[in-house]
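First comes the structure, then the notes that go with it.
Since every read-out is calculated from the coordinates, none of them should be taken as a lab result. Given the structure is predicted, the values throughout are model-derived calculations rather than measurements. Every residue, glycine as well, gets a Cβ built from its backbone with ideal geometry; the counts of neighbours run over all protein chains shown.
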Amino acid sequence: MTRNQGYADKVASQYYPTERIVPLDDFFTDSRGEIQNLLLTPITSVARITSKRGTVRANHYHLTDWHYAFLESGEIYYFERPVGDQSIPNPVKIKPGVMFFTPPNVEHAMLFARDTVFFTFARNIRSHESHESDLVRVSFITDEVASRFLLTSETD
């Protein structure tokens with residue numbers, strides 16, 4: 001069993017690892033190029049999302065859904081906290097080539113430090129109606145909080 005498969009098997013059995021960075025397996029490389037399996041688990045929805053520098057996405061939590069997110073290009077500050085917590089958590093800085101996981105019932109937000117392209121792989125069907133009915137909006141990464149982190153990222 002691969003590291004990625006072990007992580008995905010835990011998620012599939014509703015044991016949600018506390019480590020949010022998902023281990024990725026090694027590339028298969030030959031003269032034609034490379035292949036890297038990102039997930040070895042059933043998924044019902046895949047989305048490609050572009051985001052502009054300085055914008056925020058999510059600021060919500062899912063009642064039953066979970067998702068993996070793979071960063072193709074750009075940079076994301078990923079924030080999460082327990083439902084109802086009022087603190088501003090320290091973010092995890094996500095760089096290209098990294099996959100991270102968000103379980104249900106965890107408030108989360110993404111701040112884009114650069115123009116970004118990422119993919120999500122979700123448990124539930126992600127039609128607009130079904131997605132909206134499964135989430136609860138919160139607003140913990142405000143424009144003020146975002147600008148503070150963006151100023152910090154410019155000095156990194």
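Before moving on, here are some points about what is shown:
- Residue within segment 89-110 that is farther than 15 Å from R48 by Cα, exposed (fewer than 12 other Cβ atoms within 10 Å of the Cβ), free of Cβ contacts under 8 Å to residues at least 40 places away in the same chain and among the polar types (S, T, N, Q) present: yes
- Close Cβ contacts (under 6 Å, 6 or more residues apart or on different chains) running from residues in segment 50-63 that are farther than 13 Å from E80 by Cα to residues that are among the β-branched types (V, I, T) and assigned to a strand (DSSP E or B) comprise T50/V117; S51/T116.
- Residue within segment 121-136 that is surrounded by fewer than 13 Cβ atoms within 10 Å (Cβ to Cβ), out of contact with any strand residue (DSSP E or B) (no Cβ under 8 Å at 6 or more places or on another chain) and of a type in the set (D, E, K, R) present: yes
- Residue within segment 16-33 that is β-branched (V, I, T) and more than 20 Å from T120 (Cα to Cα) present: yes
- Applying the criterion of being under 18 Å from T116 (Cα atoms), out of contact with any helix residue (DSSP H, G or I) (no Cβ under 6 Å at 6 or more places or on another chain) and among the hydrophobic types (A, V, I, L, M, F, W, C) to the residues of segment 28-72, the residue that is surrounded by the most Cβ atoms within 10 Å (Cβ to Cβ) is A69.
- Single residue of E72, E144 found to be over 30 Å from G6 (Cβ atoms) and either assigned to a strand (DSSP E or B) or acidic (D, E) (or both): E144
- Summed over segment 8-36, residues that are more than 17 Å from the chain's Cα centre (by Cα) and either part of a strand (DSSP E or B) or polar (S, T, N, Q) (or both) total 10.
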